[in-house]
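Here is the structure we will look at, set down as structure tokens.
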């Protein structure tokens, strides 16, 4: 009983001391006064009450341009298939892609039935081959094309900056990039030149680069050019700052990739270990593990294991992928 009383007294004293430390100590120690003095010193006093009208109108014009561009650049919830094919660098039509997917599904279904598979297994493999595999390949080509574009974009922006400083117009500097840059950068800048040649303003032609190459860096480039065309200003300085931002983002992406390689390797090992163990057990004692796909309970356990392994791999992938 005495121990409980002492414990309650200790807890009460600790609570009272904590409350006093939080609410009373700042007034006694003068921290509040010091904070108010720092805030007063750090507060910037207005140098002039009347802002220059030209600067205000320029700032409002830039803000309006940014809002218009960002509104136009908002991604749709579902990208059309034809647009995804264009972003992947394929000249296929949507009908051709669907025909190829159907052929892959039919081949997978026929091969599964030919080798004695069940109807359910044949339907599952046909769905994977006709729906999953083509879209996975399309996403892979799109991602590889975007990476190749990002590798060359900072150098292309530097070429444009040097051309502008040397006295060349912006359009001529873009022509230099379209002539000497590697693919896919050359094709995208050629599309800008062709779009501008048919009468579209250069700022809008550069802003459309994001539709064909949906990466933030392409959006930055289009916004800088579009704002300069509408508002004016030092284009070489703006593009120089953009080049620095692009290179910093590239360094950050490489640093994130290096830091996450250990987690990716762990995910690969953990994900591939169960199939490898199953294969080794099947090679050594096939009658021991064959119950997994011959007995109904084993089939249920196999499906459950596959579902949980897939969920684990997706969670690990989500944890090691960073947006910046």
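All of the numbers you see were taken from the coordinates with simple rules; none came from a lab. For clarity, every value in this text was computed on a predicted model and none was experimentally measured. Glycine also receives a Cβ, built like all others from the backbone with ideal geometry; neighbour counts cover every protein chain displayed.
Descriptive notes on the structure:
- Considering 224, 303, 245, the condition of being free of Cβ contacts under 8 Å to residues at least 12 places away in the same chain and not in a loop (DSSP other than H, G, I, E, B) is satisfied by 303 alone.
- Filter result (closer than 30 Å to residue 191 by Cβ and touching a helix residue (DSSP H, G or I) at 6+ places or on another chain (Cβ under 9 Å)) within region 97-128: 97, 98, 100, 101
- Filtering region 204-221 to residues that are part of a helix (DSSP H, G or I) and crowded, with 22+ Cβ neighbours inside 10 Å leaves 205, 206, 207, 209, 218, 221.
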